[in-house]
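Engineer: One structure, pasted below without further comment.
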Amino acid sequence: MKYLLDSRNKRAISVIVGYVILIGITISLSALVFSWLRFYVGESNGEMEDCPEGISLIIAEANCISNFDKSLNITVKNNGRYHVDGFVIRVNDRAGAKSGFYSFDPGKEILIGKQYKENLKFSKFGTGITTLKFVEVQPYLQEGSNKNYCNGGDSFAIECS
Amino acid sequence: MVLNSKKRGISPIVASVLLIMLVLILAGIVFTWARGFIGEQIEKKDQPISKLCDEIDFSIDLILKNADTGTYDLEIVNRGNHPIFNFLIEKHMNGDSTVEEYKFSVGPGENLRREINLFMNGELSEKVIIYPSLLGKVVGEDSNRPYACMKNGKEKTL
């Protein structure tokens, strides 16, 4: 009993275990600090989410047919490196407009190098549109039921009355 | 009154534990104090919401309706993939400015037209800056909060 109580024989935990505990605490603390700080670091490059670079649609042709049923003849070509699942055509009826407002989605995909040609009545874009001054297209990729809108569209000033 | 030379101090383990506890308590105090300077964290899609601001893509147009009353039609098209929760409109006039919140939402790919008044102090504003806001989740709380993207505004001179 006297031997057991002898302080000279008492041992603390080994040096190795001490190091392991210290390193463990350090790693846990750094993980905590990292999870806290990760919200403040890193900036987005402003690119559209889930859209690869190299998507490109151009308006190859756009002109109007001004008869009783006014309509827009439009040809959209995929000259990019990816096929697009669809695109939106936006038009504006105001002079000097720099962007489209009324939109129509033909729901057509365009494969690489292919084109979409259609005659669209003005009423497809909304009621009360009697003239067109601006046309643009914006491609999108479909992911399930979601549309991921992409850069790489084209715009065109037009004179329809 | 003889001093016992065999008296021992605390063991190295207890000393280490005390030191570590002291460091942790101090770190906790500094953390709580510093949080006040940094503000709350708002996230969306598991990302800090400020990162998503750079992905917002929208266009605006202002069409004059009535110059006497300063009434304009604001046309907004959301060309991006994030729903815009509402807008802050900053009006500028003679070096002065005011900010008003307009509660209308525009989903991805959607457009919207709203009548707004751009008078400020009885005169038409010289210019306006329109900032979009996203709705995000406050980290650590069960609540949502709008976050104004103050670096992603669109400016229009009237």
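The values are calculated or read from the model by the stated rules, or taken from the named source; none is laboratory data. Keep in mind the model is a prediction, meaning the values are calculated, not measured. Note that each Cβ is placed from the backbone with ideal geometry, even for glycine, and that neighbours are counted across all protein chains shown.
Engineer: B:Asp61 versus (1) surrounded by 18 or more Cβ atoms within 10 Å (Cβ to Cβ); (2) acidic (Asp, Glu); (3) outside any strand (DSSP E or B): which is the lone unmet condition?
Structural biologist: (3)
Engineer: Name the pairs: first residue in region A:107-130 and at positive phi, second residue assigned to a strand (DSSP E or B) and among the aromatic types (Phe, Trp, Tyr), Cβ to Cβ under 9 Å, at least 6 apart or on different chains?
Structural biologist: A:Gly126/A:Tyr102; A:Gly126/A:Phe104
Engineer: A follow-up question, please. Can you tell me which residue is farthest from the other protein chains (Cβ to nearest Cβ) among those in region B:68-114 that are farther than 20 Å from A:Arg90 by Cβ and hydroxyl-bearing (Ser, Thr, Tyr)?
Structural biologist: B:Thr98
Engineer: Can you go through B:Leu124, B:Leu112 and tell me which one is out of contact with any Lys or Arg (no Cβ under 9 Å at 6 or more places or on another chain), within 21 Å of A:Phe101 (Cα to Cα) and surrounded by 15 or more Cβ atoms within 10 Å (Cβ to Cβ)?
Structural biologist: Values: B:Leu124 fails: within 21 Å of A:Phe101 (Cα to Cα).
One residue alone meets the criteria, B:Leu112.
Engineer: Please determine, by comparing only the residues of region A:27-49 that are farther than 21 Å from A:Glu136 by Cβ and part of a loop (DSSP other than H, G, I, E, B), which one is modelled with the highest pLDDT.
Structural biologist: Filtering first and then ranking leaves A:Arg38.
Engineer: Could you check region A:100-117 and list, in sequence order, the residues that are of a type in the set (A, V, I, L, M, F, W, C) and assigned to a strand (DSSP E or B)? Talk me through it step by step, then tell me what you get.
Structural biologist: To start, the set of residues in region A:100-117 that are of a type in the set (A, V, I, L, M, F, W, C) comprises A:101, A:104, A:110-112.
A:Phe104, A:Ile110, listed by residue number.
Engineer: Search region B:41-67 for residues that are facing chain A (nearest Cβ under 8 Å) and pair each with any residue that is in a strand (DSSP E or B) and of a type in the set (Asp, Glu) when their beta-carbon atoms are under 6 Å apart and the residues are at least 6 apart or on different chains.
Structural biologist: The qualifying pairs are B:Asp61/B:Glu75; B:Ile63/B:Asp73.
Engineer: Then there's this: Taking region A:52-93, which residues are among the charged types (D, E, K, R) and exposed (fewer than 15 other Cβ atoms within 10 Å of the Cβ)? Outline the logic, then answer.
Structural biologist: Here is the first cut: in region A:52-93, the residues among the charged types (D, E, K, R) are A:53, A:61, A:69-70, A:77, A:81, A:85, A:90, A:93.
If the condition is that a residue be among the charged types (D, E, K, R) and exposed (fewer than 15 other Cβ atoms within 10 Å of the Cβ), then A:Glu53, A:Glu61, A:Asp69, A:Arg81 are the ones that fit.
Engineer: Among the residues of region B:1-33, count how many are surrounded by 10 or more Cβ atoms within 10 Å (Cβ to Cβ), within 10 Å of another protein chain (Cβ to nearest Cβ) and either modelled with pLDDT under 85 or within 17 Å of A:Ser30 (Cα to Cα) (or both).
Structural biologist: Result for region B:1-33: 9.
Engineer: Which count do you get for residues in region A:94-103 that are crowded, with 23+ Cβ neighbours inside 10 Å and of a type in the set (D, E, K, R)?
Structural biologist: So the count comes out to 0.
Engineer: How many residues, within region A:111-161, are among the small types (Gly, Ala, Ser) and in contact with a Pro (Cβ under 8 Å, 6 or more places away or on another chain)? Don't jump to the end; show me each part of the working.
Structural biologist: Within region A:111-161, the first condition is being among the small types (Gly, Ala, Ser), and the residues that meet it are A:113, A:123, A:126, A:128, A:144-145, A:152-153, A:155, A:157, A:161.
Okay, now just the ones that are also in contact with a Pro (Cβ under 8 Å, 6 or more places away or on another chain), so A:152-153.
Total meeting the criteria: 2.
Engineer: I'm trying to understand the selection: among the residues of region A:111-161, which are of a type in the set (A, V, I, L, M, F, W, C) and under 15 Å from A:Ile74 (Cα atoms)?
Structural biologist: Result: A:Leu120, A:Phe122, A:Phe125, A:Leu132, A:Phe134, A:Val135, A:Val137, A:Phe156, A:Ala157, A:Ile158, A:Cys160.
Engineer: Still on this structure: Test each condition in (1) under 15 Å from B:Tyr147 (Cα atoms); (2) not assigned by TED's automatic domain parsing to the domain that holds B:Asp142 for B:Gln47 and report the one that comes out false.
Structural biologist: Just one mismatch for B:Gln47, condition (2).
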